[in-house]
Every structure is written in structure tokens, then in C-alpha cells.
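The structure appears below as C-alpha cells.
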Amino acid sequence: MSYRTLKTVRKPLAACLLVALVAPGMAFADTAKGSTPREQALEARVAELERQVQLLLGSQQQQQTQISQTQQAVTEVRTLQAEQKPAVPAGKQSIQITTLTPGAAAGTTVKIGGFIKADFLGTQTSDGQLADDATGRALYLPGQTPVAGAGGTGRRSGTDFNAHAKFSRFNLGIDTVTDAGNKAGGFFEMDFFGNSLGNQTATNTYGVTLRHAYMYWNNWLAGQTWSNFMDAASLPEAVDFVGPTDGVIFVRQAQIRYTQGGFSVTLENPETTTLTGTHNPLTGAWTNASANSDRGGLPDLTLRYGWKGSWGTFGVGGLVRQLKVDNQTTGAKADKVAGGLTLGGKWVMGDSDTLHYQFTGGEGIARYIGLGVTADSAYDIARDELNPTGVLAGYVGWRHAFTPKLRTNLIYARSDYDNDSVLGPLVTKSVQSIRGNIFYSPLPKVDVGAELMFGRSEIENGSKGDITRLQFTTKYSF
């Protein structure tokens, strides 16, 4: 029974008892003096009942007072709680009730992501074979396309089939927003592109590859990620690992970056790649030896400014770097200033169409282009000097969505190189490729794709080598 019901019942009951007890007392009042012992006992009982009724009524009133006071106290507490809202950090708030990182600061969120990707490739080359374990068997590397006279036999290969899941990816992001609105965090990502640890004999085990590992604090970033000279947002969708490889800037490396709005500047890890040409006057044969030099005393400096809106994205970037070799064994010691400019972006042409593009030019920036199609510079042994290689590169890609689940991409990419004469006629002059693909997404985060690609590499003497590839992929993102 509820308190209100009990209260309603108690009041009439008390009144009835009072009437029932008082009335007989009034009736016997006139005869009190001459009452008998029995009547006196009855009167005593009536008096006792009256006293108990009074006590009952007093207790009821006291309880009512206590309940009212309690209700008032509860109301005051609730009002105080409503006025004192807990302080929350600025920005997006965590949906986690309990943090996954107990040692982290308050306001920390953890994000886990990545994808499982399986690739199936059929490849044929016109002027030789790709080596059994060549990286170019897993993704398109224009610098590995065989050309007769420059590593190729001049004979067409058979169709080489490969299947792998080494580009599957896992990442972890941790972000913290303080009460004052300061932001800090980190990002880590890896895939399984460690070719040197794997084989296809039994288990197809491959090593973990570090992709990204950086921390940030407000406008500052430190660690390994995409070069600031690169515009990752403008890349078109491809079944291949990269897609427009021939003409794209594609570098990840350690750096320190400062960003303010659309502007960013970085100091990045330096590395110089060189080719040294040797001519045999007796046979007339040329050979080129490649080498990497990590003797640079200055980091690569990049600057970028980007714009974005409902129309798409657009950005311009610049790179200034020092090329340097310093080998005490061979006596080679030289350096040269190099650099380049790039622009590119993504243009939204409507609800179903998007144009992706990038154009780059410079000298001594070849390692940034096409996954290192050729070297940054030629090394002239006779003069002990570096002669930076000139480069013009770019790509354009068109994306069309037939439906929300079905889309296609057509991509063309190219780069041309101005090589020093000391390298002879067998060095790469240009590479280009064209590809078309189609993707179907039966469910959110599930993609199935097919792509046909044709690529061509040309060396300075005019010889060419072709590569044709049909590739299928499946990907589940999380």
C-alpha cells in the first residue's frame, strides 16, 4: 500500500475511533460520581484509548513533516546537480564508458581500423621476365619493367599468376582533448609487405612493414608519415597498390611538421640516390651502377598550401633538398642543391563524377616520383660531381559512379627524365601506364574490384618494354 493510500485511510479511522470512544464517555459523565467499579474501569479504558489516539495522530503528523523535509532536500540536491554540469573537454567527445588505455589522460579515445585485402594478378611482359620474387609481381613498379638491352631478354614472357594478402593493413589511433581544448595523440599503421621474410613454398609468411608511426600535439607532428610534398588526398581509386605510379609523388618518411590552417612546412629525412655510368671503350658497352647515400647533412625542406570545399581539393607544394655523396673508400665526395614544385587536387564535377590530377617538375627529385623509377642524380666519376636528373611527371584520373554500389575509374600516368650523358643510352627515359577498373560494393565496407593495366618503359636509345596485367581484388574494411 502506498503512503498516500495509507494517509487517506488513517484520517477517517482515527476520527471514527475518537467518536466511538468519546461518545460513551459523555454518556457516563453524569453518573461518574455514583458509578460502580465496573463503570470506573470502563471509563479508565476509554481514557487510555483517547490517549493512544492522540499519540497516533501526533506520530502521523511528525511522519508527514519528515517526509516533506526529505522531499524538499531531494529537490534542492537535484537543482544543484542541474546547475553544476560536469566540465567536458572541447571537441568531439568519447563514446567509451571505460577507457581502453587506463594510463592515458582523461578525454582520450582509441580508434582501431584497417582492412583485409586479397589480390590475384596475371602479368605478362614483352621483353623479358620479372624475377620470381620481384616486388613488381605484387604491385606495379614501372622501374622494373624489362626492356631489351637494359636487363630484358627481348623475348615475351608467359603469363605469371600471383596471389597474396600482404597489403592487408592494421592501424591504431589515439587522440586526447584536454579541458582547455589542447589536442594530442598518435597514429600507428602496419601492413605485411616485408618481402625479405616471406616465401611461397608453404606458409606464405611475410614480415610486418611500418607504414605510419607519429605523434602530434596541436599544430605539431613528429614521426613517420606521408611526405608533405605528396598530396595523398588526390589519389584516384585503383585495384593496384598505388595506381598512377608512373607520375605520382609517393614517399613516407620521418619528419617534423608544423601546420596552420591550409599551410604546412616540414623537415624530412634526406636520402640521395645516384647512378654511375661506365663505358667500356673496347666493347662499347655501358653499365649503370645504382647507389644510395645517407650522408646528407641537411633535411629535405617542404612547404605546402591546400584548399578544400564542396568543389573538391587543390594544393601546391615545394621541395628543396641537398644531394650529397661522401664515400671515403672510393673517394667520391660531391653535393648539389635540388628541388621541385607540384600542384594537384580533386575536382568534384557532379554527383557521380570526380577528376583527380597531379603535375610535378624539378631536378634531383626522382626518388619522390614513381617509387624510384630512376635516380636523383648522375655521378660523374671523372669530374667528381653530381648532375641532378630533370623530371616532369603527372597523372589524371576520372571516376564515375553508376550507382552507390557500382563505380569505375580510368587513369593515365607518365613521367619523363632528362638524364645526363654520362649515364649512356640504357637509362630510363620515360614510363607511362593506362588502367581501367570497376568496383562493386555489395555491403558497406566490402569492395570487389577488377582492373586491366597496360604500361610501357622506354630507355634513352629508344628501346621499349611493355607490361600487361589483369588484377582482381577483394577488400573488407573495418
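The values are calculated or read from the model by the stated rules, or taken from the named source; none is laboratory data. Remember, predicted model here, so these are calculated numbers, not experimental data. Cβ atoms come from the backbone with ideal geometry, glycine included; neighbour counts cover every protein chain shown.
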Exercise. Which residue, of Gly149, Gly143, Gly114, Gly136, is within 30 Å of the chain's Cα centre (by Cα) and at positive phi?
Worked result: Gly114
Exercise. Are any of the residues in region 313-326 in the same structural domain as Glu363 (by TED's automatic domain parsing), part of a loop (DSSP other than H, G, I, E, B) and over 29 Å from the mean Cα position of the chain (by Cα)?
Worked result: no
For this session: With respect to Gly173, determine if the residue is within 17 Å of Phe193 (Cβ to Cβ) and either in a strand (DSSP E or B) or among the hydrophobic types (A, V, I, L, M, F, W, C) (or both).
Result: no
Seminar exercise, completed: Just one listed residue, out of Leu221, Leu282, is more than 22 Å from Thr474 (Cβ to Cβ), part of a strand (DSSP E or B) and either assigned by TED's automatic domain parsing to the domain that holds Gly397 or free of Cβ contacts under 8 Å to residues at least 24 places away in the same chain (or both), and it is Leu221
Exercise. Where residues in region 117-133 are modelled with pLDDT of 95 or more and over 30 Å from Asn171 (Cα atoms), which of them is nearest to the chain's Cα centre (by Cα)?
Worked result: Thr123
Exercise. So which pairs qualify, if the first residue must be in region 428-449 and over 13 Å from Asp240 (Cβ atoms) and not assigned by TED's automatic domain parsing to the domain that holds Gly243, the second must be of a type in the set (D, E, K, R) and not in a strand (DSSP E or B), the Cβ gap must be under 7 Å, and the two must be at least 6 apart or on different chains?
Worked result: none
Seminar exercise, completed: Checked Thr205, Thr159 against criteria (touching a Gly at 6+ places or on another chain (Cβ under 8 Å), among the β-branched types (Val, Ile, Thr), without any contact (Cβ under 8 Å) to a residue 12 or more places away in the chain and within 25 Å of Ala138 (Cβ to Cβ)); the one match is Thr205
Problem set entry | Within region 450-463, tally of residues that are out of contact with any Leu (no Cβ under 9 Å at 6 or more places or on another chain), surrounded by fewer than 19 Cβ atoms within 10 Å (Cβ to Cβ) and either within 19 Å of Phe241 (Cα to Cα) or modelled with pLDDT under 95 (or both) | 1
Problem set entry | Any hit, region 327-349, residues being of a type in the set (Gly, Ala, Ser), modelled with pLDDT of 95 or more, more than 18 Å from Ile249 (Cα to Cα) and part of a strand (DSSP E or B) | yes
For this session: Check region 359-369 and report whether any residue there is part of a loop (DSSP other than H, G, I, E, B), more than 11 Å from Phe229 (Cβ to Cβ) and within 27 Å of the chain's Cα centre (by Cα).
Result: no
For this session: With the condition kept exactly as written, say whether any residue in region 114-134 is within 30 Å of Thr176 (Cα to Cα), of a type outside the set (Gly, Ala, Ser) and touching a residue at least 60 places away in the same chain (Cβ under 8 Å).
Result: yes
